[in-house]
Structures are given as C-alpha cells and as structure tokens.
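Only one structure is covered here, and it is reproduced in the block below.
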Amino acid sequence: MEKTLTTAQLQDKKAVKQDNFTSPDFYQIDDLLTDEQKMIRASVREFIKKEVSPIIEQYAQEAKFPKHLVKKFGEMGLFGPTIPPEYNPNGGLDYISYGLMMQEIERGDSGIRSMASVQGSLVMFPIYAFGSELQRQKYLPRLASGELLGCFGLTEADYGSNPGGMRTRFEDKGDYYLLNGSKMWISNAPEADIAIVWAKNEEGRIHGLIVERGMEGFSTPEIHNKWSLRASCTGELVFDNVKVPKENLLPNISGLKGPLKCLDSARYGISWGALGAAMDCYDTARRYALERIQFDKPIASFQLVQKKLAEMLTEITKAQLICWRLGVLKNEGKATTAQISLAKRNNVEIALNIAREARQILGGMGITGEYSIMRHMMNLESVITYEGTHDIHLLILGHEITGIPAFR
C-alpha cells in the first residue's frame, strides 16, 4: 500500500467518491448570515472538498497526520481568523465566520478540525490575549501562516477534569525558569513547533509558558493505537529540567482562568464543528437511502428510514440555531462559559447520535471507508470527551442553574 498519497495521486487512482455534500437549511438560517459569512463558508467548503475529502480516508486508515495541510490551512486563513490583522493578515473576522469555518473543516474530519482549533483557540488566542507585544509579533504571524504549528499543554495523566490539581512545576532560577512535569493527550504535540504549557510556580500559582521545540529536556512522544482521531497526531509533552527563557512567560494572566478562557474559545469552535460532522452524516444517509433499493423500491420510502432522517434534520436544525445565536452573543462579547458548555454538550451529543443512526441506514456499507460515517462516529467519541467531558459540561450547567458547584 502506498503511504502518504497526494491529493492528485488519490484522485488519479479513483480511491474515493466525489464529495457531493449539500448543506441542510430547513429553517432558512442562511437568511441570518451576511454575504461575507456565506462567501467564507463557500470558500472553505470548496477547499475541504478539494484538499481533505479525497485523502482523508487513506490518512485515517493508515493513522497518519496529513502535515502538508498545515501550510495550506495557513494560506486559506483558517488559523486564528478572529485575531486582529496586525498579527494575522487574514484575521479580523467575526465569530460566526470562525464558526462556519470550523463547521466545514469538521465536516471533512474532526481530527483536522482539532488541528485548526488548537492552533487558533489554544495557541494563538492565549498569545494574543495574555502575551506581551514581543510575543505577539514573534509568534502570531508565523502561526497564522502555518509556518509554525502549536499545541496546548494543560491535561495531565492524573488530572483531566480537575486541571487545577496539575503537578507540572517551574522554578525561578534567576536567568530562566526550570520546568518539570508532563502533559497527556495533547493534539498536535508530535509535530508542534511550540507549546503553550500551563504549570505552577513555587507558590502554586498557574502560569502559561511558551516552550519551543529544541529546548533541551523537552520531548513529545506520540500516542499510537488510537481508534479515534486517527488522522490527528496526539502525544505527550515531557519536561525534564527544561530551561525556559523568562521572556517566554505569558505576562498578562495568572491562575486557572487563563487556560479556562482558552477552552471557552475552543469549545465554541467545537459546537460548530460537531454540527458539520452531523450534517455530513445526515447528507450521506439521505443520499444513500434514495439510491439503495430493497423490496423493489428505495429504502427512503420506508417509514422507519424516514423517521430517522426526520429526527436527524430536526436535531441539526436546533443545533444550527444554537450555533447562530451563540455566535451573535460571542460577537457582542456576551457569551458565557455556561452557554458555550450547553452548545458543546448538545451539539456533540446530537452529532454522535446522528452518526449512529446514519450508520444503520447504510447497513454494512456504513462501516466501510467508502463512506465517512464510521470515521465521524469514532472521531466524535473523542470529541464528546475532550475540551470538557459530556458530564462535566452538564455539571457546569447545573452550577449555573443552582449556584452549587457539584464537582468541588
């Protein structure tokens, strides 16, 4: 089997079907979008159809990360599009445009959207929001262009839902900080050029540090044998007496609120992204049901298949409205952590349910790489856990409703 085939090679080999996706819009939500937002969505959709859809099944089957896409994503302006233009030439966009980008990317693949989300929301955002002007000028343009790839180090092997318990530490050594510890389940880690690492100082206060590949004692072992996000590279961050220059400390934030603000930004993008995966599964199932003949007629004519499709469209429509309204609130600076949690939790759940129902409509064909459904389903099993588990988001909402934090 050939490895890391190019888009052109795969198309020549006719390795995949043409991407004929059309988007459901039952409540005419397009009427709520600006012409610019629709143009951005159309351009990203065409980009995904051309650059991701023809190759993604091959990369997922081989558990390889299509690293060549990083530069192409940068050229398309898909990294940190809400960052101001002085740091990102393709930046300055609103949050609905950003959400539509994530929707179209995850329609292609959750792992590829994870790569873009990490780069924009978890690396570029904290540098812009919490970094010095020197840090912004040094890193943001190169991250925006795809010259650099970044990752975000918060989760540890023993501290996932309770990040405040982290054990990674740094000490002030006068001329530098000495960093020790490790992080786990880090998207982009094996290929990342820089890492935004959250660690505690001698007083136990959490701060962010920019750690660069090549610093002595810093390694990024890859995690293998994943059944999910197979086209994404996932790894650890290991710090063994890493000397971090003092100018690499993010100066404008301290405490857990720093990484949590980053997670709010990423979870917002996931809300839109999961919707893209749901839409792709629905569209695939609808097309298949109209073509698949059993008992001398299309299976789309049977009541139970129509029930599945009607319920999928209903949930997609509700999720579209949630995303649009949340995007408006985000643009106005009013979106709260609890509102973002509701959207992330709901939209990933409906996407996973839709993937399962769509797989049933396709029967045995639904498990093959000829269709995207099983890959989406496996990916969404990770998406429902990362950036706050399904249950943690429920408890965030419970706290908002009652004023009582159940997880403390």
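Coordinate-derived values only; no laboratory data. These figures come from a predicted structure and were not determined experimentally. Quick reminder, even Gly has a Cβ in these numbers, built from the backbone with ideal geometry, and neighbours come from all protein chains shown.
With Kirkwood's inverse mean 1/r over C-alpha pairs for Rh, give me the Rg to Rh ratio of the chain, two decimals please.
Checking Rg against Rh, the ratio lands at 0.98.
For the residues L256, L134, what sequence is obtained by ranking on other C-beta atoms within 10 Å, fewest first?
L134, L256
Counting Lys +1, Arg +1, Asp -1, Glu -1, what net charge surrounds R356 among other residues with beta carbon under 15 Å of its beta carbon?
Surrounding charge for R356 is -2.
Which whole-number percent is the relative contact order of the chain (Cα, under 8 Å, 6+ apart)?
Relative CO of the chain lands at 17 percent.
Quick one: work out Rg over Rh on the C-alpha atoms of segment 257-402, Rh as Kirkwood radius.
1.06
Compute the long axis of helix 337-362 from its Cα atoms, compare it with the longest principal axis of the Cα atoms of the chain, and write down the angle in degrees, 0 to 90, nearest 10.
Between helix and principal axis, roughly 40 degrees.
Counting Lys and Arg as +1 and Asp and Glu as -1, what is the net charge of the other residues whose Cβ lies under 12 Å from the Cβ of A266?
It works out to a net charge of +2.
Based on a Kirkwood Rh over C-alpha pairs, give the Stokes-Einstein translational diffusion coefficient of segment 20-145 at 20 °C and viscosity 1.002 mPa s in µm²/s.
It diffuses with D of about 140 µm²/s by this estimate.
Listed here are the pairs K138/K344; K50/K308; K38/K330; K50/K226; which of them are more than 28 Å apart at the Cα?
Cα-Cα > 28 Å for K138/K344; K50/K308; rest within.
Looking only at L304, L260, L397, which one moves most when the chain is put into a Gaussian network model with springs between Cα atoms under 10 Å?
Per the Cα network of the chain with a 10 Å cutoff, L304 tops the list.
Less than 12 Å Cβ to Cβ from C281, Lys/Arg counted +1 and Asp/Glu -1: what total charge do the surrounding residues give?
So the environment of C281 carries a net charge of +2.
Ranked by Cβ crowding within 10 angstrom, fewest neighbours first, how are H393, H376, H224, H68 ordered?
Ordered from fewest to most neighbouring Cβ atoms within 10 Å, H393, H376, H224, H68 come out as H224, H68, H393, H376.
Report, in degrees rounded to the nearest 10, the 0 to 90 angle that the Cα long axis of helix 390-402 makes with the longest principal axis of the chain.
80 degrees
Among C151, C323, which comes first, then next, by fewest other beta-carbon atoms within 10 Å?
By the 10 Å Cβ count, ascending, the order reads C323, C151.
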